[in-house]
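Asker: The structure that follows is given in the form of structure tokens.
The values are calculated or read from the model by the stated rules, or taken from the named source; none is laboratory data. Remember, it's a predicted structure, so these values are computed and weren't measured experimentally. Counting neighbours? That spans all protein chains shown, and the Cβs are built from the backbone with ideal geometry, glycine included.
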Amino acid sequence: MNQDAHADLHELQSREMELLKVFQTLCEENHLAFYLTAGTLLGAVRHKGFIPWDDDIDVAMPRADYEQLCNVSPPPEYRFQRPGKSGAYPWYFFKFRREESSVWIDIFPLDPCPDWKSMARIFFKIMELLTAVIAKRCGYSKKYMRFLWKVLRMLPDGCLFFMREGIRRFFGILSSGSRICTVGGRHGFPQECYQTEWFQETEKLEFEGVYCPAPKEWDKILRNMYGDYRIPVREEGHFNEVGME
């Protein structure tokens, strides 16, 4: 990475940290729980901040707290970007950003996950497919998946959003509550399926000089997502996180 790229990444990380601080204050003022997750959690554990080459911040919230964000009013220059009834914002999760800014942090809901692995896998696949249809991105190589994508693409976005929410609720009924998941993340099944008990207690971890809440069982979560997460893996001249595609 050249010096200009380093400077650009540092500037991006600084602006994301500003967002994280504001978001944490909003959660504390409104008594909402959130946790560092994915690469941000890994960075807090291994680097006490950003993974040196990482360019985003990810947090997760229990579904009930996540839905309460709709009632939270951020400062005037900030906003929550939420899924609506059109494909303008197709993703399953919220973003928190400054107005008219290309910098944000991702906020993932922690949803109930079916106990049976086969059902959990289907849940992930359906949610992934519906999001890909809404986003008008078809990266599937298998013919039957491309066919499903094309059929679903014929439906209006509002119907697709309604279907996605209905699927979430349906599969939540199939959960005993012992497992939760983040179905909108980049890792997918099974890396983003967790034991609910891993999130029952929290502790503060340092992240770029700010202490943020993290699940107390962060070691189990990181091993579930990355395997041996302590040592970065070098591939083709650059570092990649274990388990990332």
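Asker: Which of (1) modelled with pLDDT of 95 or more; (2) out of contact with any Pro (no Cβ under 7 Å at 6 or more places or on another chain) is the odd one out, the single condition Glu245 does not satisfy?
Answerer: Here Glu245 meets the rest and fails (1).
Asker: Being at positive phi and loosely packed, with under 15 Cβ neighbours inside 10 Å is the filter here, so list the residues in segment 170-207 that pass it. Break it down into steps so the answer makes sense when it comes.
Answerer: Kept after step one, since they are at positive phi, are these residues of segment 170-207: 177, 188.
Answer for segment 170-207, where residues must be at positive phi and loosely packed, with under 15 Cβ neighbours inside 10 Å: just Gly177.
Asker: Does segment 9-30 contain at least one residue that is touching a helix residue (DSSP H, G or I) at 6+ places or on another chain (Cβ under 6 Å), more than 22 Å from Pro232 (Cβ to Cβ) and among the hydrophobic types (A, V, I, L, M, F, W, C)? Spell out how you get there, then give the answer.
Answerer: Our first condition is that a residue be touching a helix residue (DSSP H, G or I) at 6+ places or on another chain (Cβ under 6 Å); within segment 9-30, this holds for none.
No, because not a single residue in segment 9-30 is touching a helix residue (DSSP H, G or I) at 6+ places or on another chain (Cβ under 6 Å), more than 22 Å from Pro232 (Cβ to Cβ) and among the hydrophobic types (A, V, I, L, M, F, W, C).
Asker: Pick out, from segment 119-228, the helices (runs of 4 or more DSSP H) lying fully within it that include 3 or more residues that are under 27 Å from Cys27 (Cα atoms) and of a type outside the set (Val, Ile, Thr). First the steps, then the outcome.
Answerer: Working: elements: 143-152, 157-173, 218-226.
Counting at least 3 such residues, we get 157-173, 218-226.
Asker: Also: Look through Arg82, Arg179 and report the one residue that is in contact with a strand residue (DSSP E or B) (Cβ under 7 Å, 6 or more places away or on another chain) and either of a type in the set (S, T, N, Q) or at pLDDT 95 or above (or both).
Answerer: Arg179
Asker: Also, quick follow-up: Step by step: first the residues of segment 22-63, then only those that are touching a Ser or Thr at 6+ places or on another chain (Cβ under 8 Å) and of a type in the set (Ser, Thr, Tyr), then the one that is surrounded by the fewest Cβ atoms within 10 Å (Cβ to Cβ). Which residue is that?
Answerer: In this case the residue turns out to be Tyr35.
Okay, residues lined up against (1) within 29 Å of Leu155 (Cβ to Cβ); (2) free of Cβ contacts under 8 Å to residues at least 12 places away in the same chain:
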{"position": "Glu29", "(1), (2)": "no, yes"}
{"position": "Leu36", "(1), (2)": "no, no"}
{"position": "Ile51", "(1), (2)": "no, no"}
{"position": "Pro62", "(1), (2)": "no, no"}
{"position": "Ser73", "(1), (2)": "no, yes"}
{"position": "Pro90", "(1), (2)": "yes, no"}
{"position": "Phe94", "(1), (2)": "yes, no"}
{"position": "Glu99", "(1), (2)": "no, no"}
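Asker: Counting only residues that are closer than 16 Å to Val183 by Cα and touching a residue at least 60 places away in the same chain (Cβ under 8 Å), which one in segment 145-169 is surrounded by the fewest Cβ atoms within 10 Å (Cβ to Cβ)? Break it down stepwise before answering.
Answerer: Residues of segment 145-169 that are closer than 16 Å to Val183 by Cα, as a first pass: 161, 163-169.
Remaining after also requiring touching a residue at least 60 places away in the same chain (Cβ under 8 Å): 161, 164.
Values: Phe161: 19, Arg164: 21.
Selected residue: Phe161.
Asker: Could you go through segment 128-144 and let me know if any residue there is surrounded by 12 or more Cβ atoms within 10 Å (Cβ to Cβ) and under 25 Å from Tyr229 (Cβ atoms). I'd like the intermediate steps shown before the answer.
Answerer: Initial filter on segment 128-144 (surrounded by 12 or more Cβ atoms within 10 Å (Cβ to Cβ)): 128-135, 138, 140.
Next, from what is left, pick out any that are under 25 Å from Tyr229 (Cβ atoms): 128.
Within segment 128-144, one or more residues are surrounded by 12 or more Cβ atoms within 10 Å (Cβ to Cβ) and under 25 Å from Tyr229 (Cβ atoms).
Asker: For residues that are modelled with pLDDT under 60 and within 16 Å of the chain's Cα centre (by Cα), tally how many sit in segment 217-240.
Answerer: 0
Asker: Still on this structure, I have one more. Six or more apart or on different chains, Cβ atoms under 8 Å: show the pairs whose first residue is in segment 222-235 and surrounded by fewer than 19 Cβ atoms within 10 Å (Cβ to Cβ) and whose second is in a helix (DSSP H, G or I) and modelled with pLDDT of 75 or more.
Answerer: Close Cβ pairs (under 8 Å, with a partner that is in a helix (DSSP H, G or I) and modelled with pLDDT of 75 or more) amount to Arg230/Arg46.
Asker: If you go through segment 32-48 one residue at a time, do you hit one that is of a type in the set (Lys, Arg) and more than 16 Å from Ile107 (Cα to Cα)?
Answerer: Yes, segment 32-48 contains a residue that is of a type in the set (Lys, Arg) and more than 16 Å from Ile107 (Cα to Cα).
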